Every structure is written in C-alpha cells, then in structure tokens.
Amino acid sequence: MSFRDRTLFAGVDIGGTTTQVVVCAEDLTVLDRSEVATPAADGGRAMIGAALGALAPLLERTPGRLAGCGVGAAGVVDAATGRILVASDSFTGWAGFAVTDAVEEALGVPAFLDNDVNAFLYGEVSGGAVRGESDVLGMTLGTGVGGALWTGGALFAGPHGAAGEIGHIPGFGDLLCSCGGRGHLETLASGRSIGARYAERTGRRLTAREVAQAAGHGDQDALAVYDAAAAGIAQAIVMTAGVVDITTVVVGGGVSRAWSLLEPLILSSLAADPPVSGHPVRLVKAALASDAVPVGAAARARRELMVKAGV
C-alpha cells in the first residue's frame with residue numbers, strides 16, 4: 001500500500017489559550033502537528049476556523065485519505081449531538097455551538113466531539129502511559145482540575161456526561177471554587193489554586209511552576225501548598241476507588257510537570273489512607289504530554305468508525 005492509500009485521522013484540542021492539531025496514522029502515530037492561538041473571544045465559528053486553518057497544511061503535506069476527525073474541547077459537551085453545552089467565561093459564543101456539524105461540513109468526513117479530559121484519557125489508554133488498560137481514572141491538573149473514567153475497556157461518561165469529574169465534588173475544605181461551589185479539589189490542586197494558596201501564605205504571587213521550584217529549594221510554605229494539593233489528589237483517588245473500584249490512575253496537565261515533587265507526596269497520603277479494597281494504587285504520569293488530547297480525540301474518531309464498520 002502506498003502512502004497515498006493509507007488511512008489518516010485528525011485530532012483537535014481546543015483550549016482557552018491554544019488550539020493544537022495532529023494528523024495520525026491508523027495506529028495513532030502522530031505524523032504531523034501544529035499549534036495556533038485560540039480566538040476564544042471571537043465565537044465558535046472563529047475557533048473552529050482557526051483549528052481547521054491549522055489542520056489544512058498538515059493534510060496537504062501528509063499523503064493519505066482522511067477518514068475522520070475528533071475534537072476535544074474544554075467545557076461540558078454533548079458527545080451525541082456534537083455540541084458544547086456549557087463553557088467557561090473565557091469563551092464567547094461557544095456554549096451551544098454545533099462543533100461536529102461545522103467540522104464535517106468543512107472536511108467532508110465524520111467528526112466526533114468529546115470533553116478535553118475524556119479525550120486526554122482516550123489518548124493515554126490508546127497510546128500513552130496506560131496503554132491497553134481496562135480500568136483507569138484520568139486526572140488533569142492544569143488551570144482547573146478535570147477527571148474522566150475508563151471502565152471495562154471503554155470511556156464511561158455517565159448519563160449526563162459528567163462521570164469522573166472529581167475536580168468539582170465537595171469535601172476538600174471550604175475554599176471558594178472557580179465554578180462558584182466550595183471545597184472542591186480544584187481549590188487545592190489546580191495550577192491557579194497552587195499559586196493562590198502560596199500567595200495567601202506569603203503575600204508573594206508565583207505560578208505553580210515557580211512554587212514547585214521554591215519547594216525544591218526547601219521553601220516550607222511552598223512544600224505545604226504542594227502537600228495539601230497531594231493530599232487532596234490522594235483523597236479523590238481513594239474516593240473514586242471506593243465508588244468504582246478503580247486503582248490505576250494517570251495524571252497529566254501542567255501541574256504534573258512537578259512530578260518528582262508531587263508523586264511521593266501523593267503516595268505518602270495513599271499509604272496513610274489506602275483504598276478500602278486494600279489493592280495498591282498504580283499512579284503514573286501521562287506520557288503523551290501536549291499530544292494527549294488531540295491524539296485521544298483522533299482515537300475516539302477511529303474507535304467510532306471501527307464500531308460503525310463492525311470491526
């Protein structure tokens with residue numbers, strides 16, 4: 001088979017700041033990638049236009065036949081209809097936008113929409129740190145905290161699309177969350193919150209990465225902030241394990257770059273309060289880095305088309 005006959009899948013990750021696109025081979029090997037600023041203030045049509053504009057040159061220079069396109073997007077999505085249901089105030093004209101209709105109209109191939117954390121987990125199970133695992137909790141620690149569940153070899157989104165969203169369940173103190181609730185894991189473990197908790201203790205404004213660097217140099221306030229974040233993450237893992245008996249956890253997002261600091265703190269908390277099953281937690285860092293969401297979106301498209309074809 002020549003390169004011109006091979007099957008390609010496209011993956012798109014539309015974030016609040018940047019949009020990343022990839023073109024993958026059938027085995028999900030990334031053949032080409034690109035990144036562009038997300039015009040989040042200009043509406044859904046502009047955001048999809050930016051993504052398709054970044055994707056077009058990749059398709060032009062990658063021989064093959066595009067079979068489908070997956071999109072991972074921030075916010076609450078309706079995967080069945082391909083629409084954004086709820087978006088943060090970082091986006092204008094995004095809630096209600098028909099993403100898959102716009103992509104299918106432009107590319108002429110089937111398109112599929114997922115929440116970005118679901119797509120992240122698709123990516124890591126399909127070709128990342130938990131490849132081939134049947135039961136996994138995925139966590140992303142970025143500007144916010146996201147979660148997703150993979151059970152019995154498939155994504156479990158739940159009847160309302162919110163299964164696994166451990167970032168926004170209460171029980172982690174009484175701090176006000178960005179969503180308006182209180183005591184959510186996001187108030188401790190997101191990048192934004194790590195910076196805010198450190199500022200509350202010291203009066204100094206640092207990013208999560210800078211707080212991690214300070215902790216590495218022995219700053220006790222920075223260590224305390226990361227210890228609280230790790231304890232919250234461990235508590236969320238134990239809660240999930242108690243409800244759905246999943247003890248394999250893959251962690252990604254910008255905060256996970258401080259893995260050498262975060263991992264031992266999480267494991268220490270888990271050792272003090274393990275899952276009720278007594279089964280040890282397998283905790284791993286995501287392997288695909290910034291490719292996880294777009295590759296996962298492409299994996300979702302591949303999976304859906306294989307099911308449709310009866311493969």
Over the chain, average the accessible area per residue using a 1.4 Å probe and give it in Å², no decimals.
44
Roughly how many Å is it from the Cα centre of region 128-182 to that of region 1-77, as a whole number?
24
In what sequence, largest accessible area first, do Glu133, Glu60, Glu210, Glu35 appear using a 1.4 Å probe?
Glu60, Glu35, Glu210, Glu133
Is region 63-167 best put as rounded, prolate or oblate by its Cα gyration tensor, with a ≥ b ≥ c the root eigenvalues, rounded for a/c under 1.5, and otherwise prolate when a/b is larger than b/c, oblate when not?
oblate
Per DSSP H run of at least 4 residues, take -39500 (n - 2.57); add these up for the chain, divide by its residues and hand me the 222 nm value, nearest 500 deg cm²/dmol.
-12500 deg cm²/dmol
I need the trypsin sites (Lys or Arg not before Pro) found in region 198-249, filtered to DSSP loop residues with at most 15 other beta carbons within 10 Å of theirs.
Arg204, Arg205
Over region 13-171, with every protein chain in place, what whole percent of the accessible area is carbon and sulfur at 1.4 Å, could you tell me?
52
How much accessible surface does Ser134 have with a 1.4 Å probe, in Å² rounded to 10?
60
Just to verify a number: what accessible area does Val36 come out at with the full protein assembly present, 1.4 Å probe, Å² rounded to tens?
50
How long are the semi-axes of the ellipsoid equivalent to region 233-311, from square roots of 5 times the Cα gyration tensor eigenvalues, in whole Å, largest first?
29, 18, 8
To the nearest 20 debye, what charge dipole does the chain have about its Cα centre, counting +1 at the Cβ of each Lys and Arg and -1 at the Cβ of each Asp and Glu?
300
Expressed in square angstrom to the nearest 10, the accessible area of Asp273 with a 1.4 Å probe stands at 90
When every protein chain stays in place and a 1.4 Å probe is rolled, Cys179, Cys24 sorted by accessible area with the largest first are Cys179, Cys24
Residue (of Leu155, Ser126, Val225) at the positive-pole extreme of the chain, dipole from beta-carbon charges
Ser126
Based on a Kirkwood Rh over C-alpha pairs, give the Stokes-Einstein translational diffusion coefficient of the chain at 4 °C and viscosity 1.567 mPa s in µm²/s.
65
The relative contact order of the chain, taking Cα pairs under 8 Å that sit 6 or more residues apart, comes to a percentage of 20
If you take the beta carbon distance between Ala80 and His217 as r and set R0 to 35 Å, what does 1/(1 + (r/R0)^6) give as a FRET efficiency, to the nearest 0.05?
0.10
Per-bin percent of Cα-Cα distances, region 1-148 [10 Å]
11, 42, 36, 11, 1
Computed over region 149-279: relative contact order in percent, which uses C-alpha pairs under 8 Å that are six or more apart
18
Using DSSP to call loops (not H, G, I, E or B), can you name the trypsin sites (Lys or Arg not before Pro) in region 1-63 whose Cβ has at most 16 other Cβ atoms within 10 angstrom?
Arg6
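The values are calculated or read from the model by the stated rules, or taken from the named source; none is laboratory data. Computed from a predicted model, the values in this text were never measured in an experiment. No Cβ is skipped: glycine too gets one built from the backbone with ideal geometry, and neighbour counts run over all protein chains shown. SASA here: full protein model, heavy atoms, side chains in, ligands and nucleic acids out. Shrake-Rupley method; radii C 1.70, N 1.55, O 1.52, S 1.80 Å.
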